[in-house]
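Engineer: Following this message is one structure expressed as C-alpha cells.
The values are calculated or read from the model by the stated rules, or taken from the named source; none is laboratory data. The structure displayed is predicted, hence computed values, not measured ones. Reconstructed Cβ throughout: ideal geometry from the backbone, glycine too, with neighbour counts over all protein chains shown.
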Amino acid sequence: MGYMLDDLVAKFRPYTDHGRVAGYIPELLKANPQDLGIAIYDRHGHIHTSGAVQSKFTLQSVSKPFALALALMDHGPEGVFSRIGMEPTGDSFNSLMKLETFSSLKPVNPLVNAGAIATTALIKGSCAEEKFSRLINFIRSLAPSCYVGFNADVYRSESLTGDRNRAIAYFLRDIRAIDGEAEECLDLYFRQCSIEVDCVTLAALGLSLSVLPPEFCVIPPLYARIIRTFMFTCGMYDASGEFAIKVGIPAKSGVSGAIMGVVPNKLGLGVYGPALDIKGNSVAGVALLQALCSREDWAIL
Ligand code: DON
C-alpha cells in the first residue's frame, strides 16, 4: 500500500499547479500550494501515509459533520431536523428559484454554511467556552492519540473578514432559525473551523464515521449513517454529484484543502492539498482519491 500511495502522490502532485490556495480567509494563503498528502486509517488500526503528512491545516468545513454529530447527540434527529433541512438543494423538481434562495424558514442542509451555522447553534453548553471545549474534546475522542490543535491566527483571520457568514447568521436569527446571539454562534463556528489537524487525524476522523463494531462506536451508528449520507449527497458542495459518480465514497472537503473520506466497514481517508479548484475542493486531492478509489474498488454504489 505504501509504495502505491507514493506513486499516486508523485503522479498527482503536478495537478496542484491547476488550483489556487483559498484567499478569502487571508491566513490560509500561507499554505504551500504544492503540498499533497494522504493517510489511510483502517479498522484494524493500520495507518498508511504518503506525501505532505507532516503539514498541519485547519478543518474548515470538515468540522461540520462533527458539529452535526454532537447536535444529533444533544437533540436527536427530530430536534435537529425541525431546524435544518435534509435536502441537497431544497427546491422542488421543477423549481426555477436560484439554489441560494431559501425556500423555507430553515437552511437546506447541515453542510452548507447556513445549515452549519444553525447546527453549531444547537451545541449545548452553559457558555461559549464550554460549547467549544465540548466540540474539540469530542473530536479528540474520535481520533485518540492523533494531533488535534487550534490555529488562533486562522480563527482571528476569519473572524475579521467573515462578513458573508456574519450576514448569514444575522439572517438566520431574523427568521428564528437560530436561538441566541448571532455573534456568539458565529464565534463558535469560526472556532470550530480553526481546529487544526494533519492527514492522519483526518483519516482517523473518517474512520469514526465508518460502519464500526459497536464497541468502537463513539458516534451512534444511526447518526453516523445520517452524516455519511449528507457527506455523499452534499459533502463536496456543488461538485457533490460529480464526486459521487467519479469517486463514489462519502467525503467532506474544506477550503484549507482537506478532504475526509469514509469507506464504510473498511477505513477512513485523510487527504490534504491546499490548491483548490473553482468549486473550492482540493484539485489534486480529488484526482488522487478518484484514482485510488477506482483502483481499490471502494465506490459504495
Ligand atoms: O465558513 C467558511 O467560509 C469557512 N470557514 C469554511 C468553508 C469551507 O471550508 C467550504 N469548503 N469547501
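Engineer: Quickly run through region 244-301 and pick out the residues that are more than 16 Å from Tyr41 (Cβ to Cβ), under 12 Å from the mean Cα position of the chain (by Cα) and of a type in the set (A, V, I, L, M, F, W, C).
Structural biologist: Once the filter is applied, which keeps residues that are more than 16 Å from Tyr41 (Cβ to Cβ), under 12 Å from the mean Cα position of the chain (by Cα) and of a type in the set (A, V, I, L, M, F, W, C), region 244-301 yields only Val255.
Engineer: Filter region 258-277 down to the residues that are touching a helix residue (DSSP H, G or I) at 6+ places or on another chain (Cβ under 7 Å) and closer than 14 Å to Asp35 by Cβ, then identify the one that is surrounded by the fewest Cβ atoms within 10 Å (Cβ to Cβ).
Structural biologist: Ranking the candidates gives Ala275 first.
Engineer: Working only within region 68-83, note down all residues that are over 17 Å from Lys106 (Cα atoms) and aliphatic (A, V, I, L, M).
Structural biologist: Ala69, Leu70, Met73
Engineer: Leu68 - would you say it is assigned to a helix (DSSP H, G or I), of a type outside the set (Lys, Arg) and within 15 Å of the ligand (Cβ to nearest atom)?
Structural biologist: Values: assigned to a helix (DSSP H, G or I): yes; of a type outside the set (Lys, Arg): yes; within 15 Å of the ligand (Cβ to nearest atom): yes.
Yes.
Engineer: Just give me the residues in region 221-246 being in contact with a Ser or Thr (Cβ under 8 Å, 6 or more places away or on another chain) and over 21 Å from Leu72 (Cα atoms), in sequence order.
Structural biologist: Met236, Tyr237, Ser240, Ala244
Engineer: Would you please list the contacts, defined by Cβ atoms under 9 Å and residues six or more apart or on different chains, that run from a residue in region 235-257 that is in contact (Cβ under 8 Å) with a residue 24 or more places away in the chain and of a type in the set (Asp, Glu) to a residue that is within 14 Å of the ligand (Cβ to nearest atom) and assigned to a loop (DSSP other than H, G, I, E, B)?
Structural biologist: Asp238/Lys279; Asp238/Gly280
Engineer: Considering only residues that are over 30 Å from Tyr272 (Cβ atoms) and either in contact with a Leu (Cβ under 7 Å, 6 or more places away or on another chain) or outside any helix (DSSP H, G or I) (or both), look in region 170-205 and name the one that is modelled with the lowest pLDDT. Walk me through it before giving the result.
Structural biologist: Of region 170-205, the ones over 30 Å from Tyr272 (Cβ atoms) are 170-184.
So of that shortlist, the ones also either in contact with a Leu (Cβ under 7 Å, 6 or more places away or on another chain) or outside any helix (DSSP H, G or I) (or both) come out as 175-181.
Numbers: Ile175: 87, Arg176: 90, Ala177: 90, Ile178: 95, Asp179: 95, Gly180: 93, Glu181: 95.
Per the criteria, the residue is Ile175.
Engineer: On to the next question. Just to be sure I understand the filter: pairs with C-beta atoms under 6 Å, separated by 6 or more residues or on different chains, first member in region 273-292 and closer than 9 Å to Phe12 by Cβ, second member polar (S, T, N, Q) and in a strand (DSSP E or B). Which pairs pass?
Structural biologist: Gly273/Ser282
Engineer: Could you list, in sequence order, all residues of region 14-64 that are part of a helix (DSSP H, G or I), surrounded by fewer than 19 Cβ atoms within 10 Å (Cβ to Cβ) and away from the ligand (no atom under 16 Å from the Cβ)?
Structural biologist: Pro14, Asp17, His18, listed by residue number.
Engineer: Return the residues of region 148-190 that are within 16 Å of Ile136 (Cβ to Cβ), within 10 Å of the ligand (Cβ to nearest atom) and not hydroxyl-bearing (Ser, Thr, Tyr); say none if nothing qualifies.
Structural biologist: Within region 148-190, Val154, Phe190 meet the criteria.
Engineer: Considering only residues of region 206-225 that are hydrophobic (A, V, I, L, M, F, W, C) and part of a helix (DSSP H, G or I), which is surrounded by the most Cβ atoms within 10 Å (Cβ to Cβ)? Walk me through how you get there before you give the answer.
Structural biologist: Within region 206-225, the subset hydrophobic (A, V, I, L, M, F, W, C) is 207, 209, 211-212, 216-219, 222, 224.
So of that shortlist, the ones also part of a helix (DSSP H, G or I) come out as 207, 216, 222, 224.
On the way: Leu207: 25, Phe216: 10, Leu222: 11, Ala224: 23.
Filtering region 206-225 for residues that are hydrophobic (A, V, I, L, M, F, W, C) and part of a helix (DSSP H, G or I), the one surrounded by the most Cβ atoms within 10 Å (Cβ to Cβ) comes out as Leu207.
Engineer: Since Cys127 meets every condition but one in (1) buried (at least 19 other Cβ atoms within 10 Å of the Cβ); (2) over 17 Å from the mean Cα position of the chain (by Cα), which condition does it not meet?
Structural biologist: Of everything listed in (1) buried (at least 19 other Cβ atoms within 10 Å of the Cβ); (2) over 17 Å from the mean Cα position of the chain (by Cα), Cys127 misses just condition (1).
Engineer: Kindly list the number of the only condition in (1) part of a loop (DSSP other than H, G, I, E, B); (2) at pLDDT 95 or above that fails for Glu129.
Structural biologist: Going through (1) part of a loop (DSSP other than H, G, I, E, B); (2) at pLDDT 95 or above one by one, Glu129 breaks only (1).
Engineer: So, one more: Run Met1 past the list (1) touching a strand residue (DSSP E or B) at 6+ places or on another chain (Cβ under 6 Å); (2) more than 16 Å from the ligand (Cβ to nearest atom); (3) of a type outside the set (D, E, K, R); (4) modelled with pLDDT of 95 or more and report the number of the one that doesn't hold.
Structural biologist: (4)
Engineer: Right, here's the next one. Quick check on region 99-121: of everything there that is β-branched (Val, Ile, Thr) and at pLDDT below 90, which residue is farthest from Ser61 (Cα to Cα)? Talk me through it step by step, then tell me what you get.
Structural biologist: Within region 99-121, the subset β-branched (Val, Ile, Thr) is 101, 108, 112, 117, 119-120.
The next check asks that each one be at pLDDT below 90; those that pass are 101, 108.
Values: Thr101: 21, Val108: 16 Å.
That would be Thr101.
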